[in-house]
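The values are calculated or read from the model by the stated rules, or taken from the named source; none is laboratory data. Only a predicted model underlies this, so the values are computations on that prediction, with no experimental measurement involved. Backbone-built Cβ (ideal geometry, glycine too); neighbour counts: all protein chains shown. Areas reflect the complete protein model, heavy atoms only, side chains present, ligands, DNA and RNA absent. Shrake-Rupley method; radii C 1.70, N 1.55, O 1.52, S 1.80 Å.
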Amino acid sequence: MRKPIIAGNWKMNNTPAQAKELLEGLKPLIAGNEATEAAVCVPAILIGTVKEAMEGSQIHLGAENMHWEEKGAFTGEISPVMLNAFDVEYVIIGHSERRQYFAETDETVNKKVLSALAHGLKPIMCVGETLEQREAGVTDELVCGQVEKGLAGVECIDNVVIAYEPVWAIGTGKTATADEANRVCGIIRDKVGQMLGEEAAAKIRIQYGGSMNPKNVAELMAQPNIDGGLIGGAALKAEDFAALVNNQR
Ligand code: 13P
């Protein structure tokens, strides 16, 4: 049985004071919810603050990115060892914004996924097509290619989460229909099965991301291949994020 995981991706939002306020609001709203795993993936500079502010809650801590090397001359980067020092559990890898604005490729995504796993971190690996690619009819092929290249060399899927985020649905208010989101998540699951076997396919948690909100969460989460959500905008409001987490209760 796959435990649903609702993870916030704060992106480049919140000061330490705002982060504390958001978490103080969120904690009582989701307290005692054992049915769903709730995580917040936050900007590196907020990790210390968030770790402290969420103490005593069941919220899991995540980062939004990392470099694959442990240390060295990589100005501005954060290493897996640094994340380990703050007991970070999850790390988003290969978000479409990083692929689009920061030149990340399937190859760098793969290096990061392997490094995260080697350092005991749980990668949330993002895949998804742009509107152009969808209209060109290459969604399935593209997403399968991203999964295949991103997970190359991964032997154990237990700590991996995949987020299917159609780029055209991110921050636009446009959601993939629940049927279509489920269909693509199913294709991703099949791909994992081809690579790592049926047990891995049955185990891997696959999130949907892209304008998930309190209104559409129930329909999306009712789909058999969708095990959670990676949440942007709605993760910035305690009530909205809590409504997504509590959907499974
Ligand atoms: P929105 O929920 O704002 O569409 O963002 C989704 C996302 O990119 C999460 O990683």
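Proximity of backbone amide H atoms, modeled 1.01 Å from N, is registered between ALA39 and ILE6, ALA7, GLY8, HIS60 at under 5 Å, excluding neighbours fewer than 5 places apart on the same chain.
For region 1-143, averaging the sequence separation of C-alpha pairs within contact (under 8 Å, six or more residues apart) and dividing by the residue count gives a relative contact order of 19 percent.
Considering only alpha-carbon pairs that sit under 8 angstrom and 6 or more positions apart, the relative contact order computed for region 102-237 is 24 percent.
Under a model in which nothing but the beta-carbon of Lys, Arg (+1) and Asp, Glu (-1) is charged, region 106-249 shows a dipole of about 460 debye around its Cα centre. Our helix-only sum for the chain, with -39,500 (n - 2.57) per DSSP H run of n ≥ 4 divided by its residues, gives a mean residue ellipticity at 222 nm of -11500 deg cm²/dmol.
Restricting region 1-71 to GluC sites (Glu not before Pro) that sit in a DSSP loop and have at most 11 other Cβ atoms within 10 Å of their own Cβ leaves GLU34, GLU55.
Computed on the chain, with alpha-carbon pairs under 8 angstrom and 6+ residues apart, the relative contact order is 23 percent.
What you get for the chain, charging only the Cβ of Lys and Arg (+1) and of Asp and Glu (-1), is a dipole of about 340 debye around the Cα centre.
Using a 10 angstrom cutoff on alpha carbons, build the Gaussian network for the chain and name the most mobile of HIS95, HIS67, HIS119. With Cα springs under 10 Å in the chain, the top fluctuation among HIS95, HIS67, HIS119 is at HIS119.
Taking all protein chains as they are arranged and a probe of 1.4 Å, the heavy atoms of LYS174 leave approximately 120 Å² accessible to solvent. Each principal axis of the Cα atoms in the chain has its own extent, and those three values, largest first, are 45, 44, 34 angstrom.
Measuring against 32 Å, Cα to Cα, the residue pairs LYS51/LYS71; LYS20/LYS149; LYS111/LYS215; LYS20/LYS203; LYS11/LYS149; LYS11/LYS191 contain LYS20/LYS149; LYS111/LYS215; LYS20/LYS203 as the ones spanning a longer distance. Seen through its C-alpha gyration tensor, with square-root eigenvalues sorted a ≥ b ≥ c, region 116-249 comes out oblate because a/c lies at 1.5 or above while a/b is not bigger than b/c. Annotation for region 43-103: trypsin sites (Lys or Arg not before Pro) lying in DSSP loop with at most 11 further Cβ atoms inside 10 Å of their Cβ are LYS71.
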